[in-house]
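What follows is a set of notes on a single structure, which appears directly below.
Only the coordinates and a few stated rules stand behind these numbers; no lab work does. Owing to the predicted nature of the structure, the values given are computational and were not obtained by experimental measurement. Cβ placement follows ideal geometry from the backbone for every residue including glycine, while neighbour counts extend to all protein chains displayed.
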Amino acid sequence: YSSQTQGSEAVSFQNRLTSEPSDWKKVHDSDLAIDSFYVKETELKLNEQRVLVWYWYLIGNYETSSPFIAKLMNIINIIIYQMNDASFITIATPIIIDKSKSRQQLTDFIKDAKGDLIKQVSGAVNTR
């Protein structure tokens, strides 16, 4: 969201992992720390398919998994920096055998590609 407006915001109840109504069911939801980086972790299930999803917010240059802190940082960004950009970042992988292997895949991806991912998201926001 390069310029958020009412109803078009990164931190919103409208930003969901599944559409409503959906056959996908939330099985598990928790906070997770990878080194000093925090994400929300959700396991979704549809019949026998399972997916592990991680998500967080990028508000200006600040990352958080908390929607409350993201809203606060957005207010600070607007007041101090006159910036109103934000992103809701989501990554996912199937759970084939067990959740620990899927979690390791996401951890490896974050460690290898997070910097490039953030640059891409920031670049997309700043060019709109």
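Could you derive backbone 3J(HN,Hα) for the range 70-87 from the dihedral phi with the Karplus parameters 6.51, -1.76 and 1.60 (θ = phi - 60°), listing whole Hz in sequence and x where the residue is Gly or Pro?
Each residue of the range 70-87 in turn: 4, 4, 4, 5, 5, 4, 4, 4, 5, 5, 7, 9, 6, 10, 9, 9, 7, 9 Hz.
Using a simple spin-label model with points 7 Å from Cα along the Cα→Cβ vector, what separation in nm is obtained for TYR55 and TYR38?
About 1.7 nm, to one decimal.
Students often forget the sequence filter, so: which aspartates and glutamates lie under 20 Å Cα-Cα from LYS111 once same-chain residues fewer than 8 apart are removed?
ASP31, ASP35, GLU41, GLU63
How high is the relative contact order of the range 51-115, in percent, with contacts defined as C-alpha pairs under 8 Å that are six or more residues apart?
Here the relative contact order equals 36 percent.
Where a Cα-Cα gap under 18 Å defines reach, which lysines qualify for LYS25, not counting those fewer than 8 residues away within the same chain?
Counting by Cα, and skipping residues close in sequence, LYS25 has these lysines nearby: LYS40, LYS45, LYS99.
So if each residue of separation counts as 0.36 nm, and I subtract the Cα-Cα distance between ASP29 and LYS114, what length gain in nm does that give?
28.4 nm
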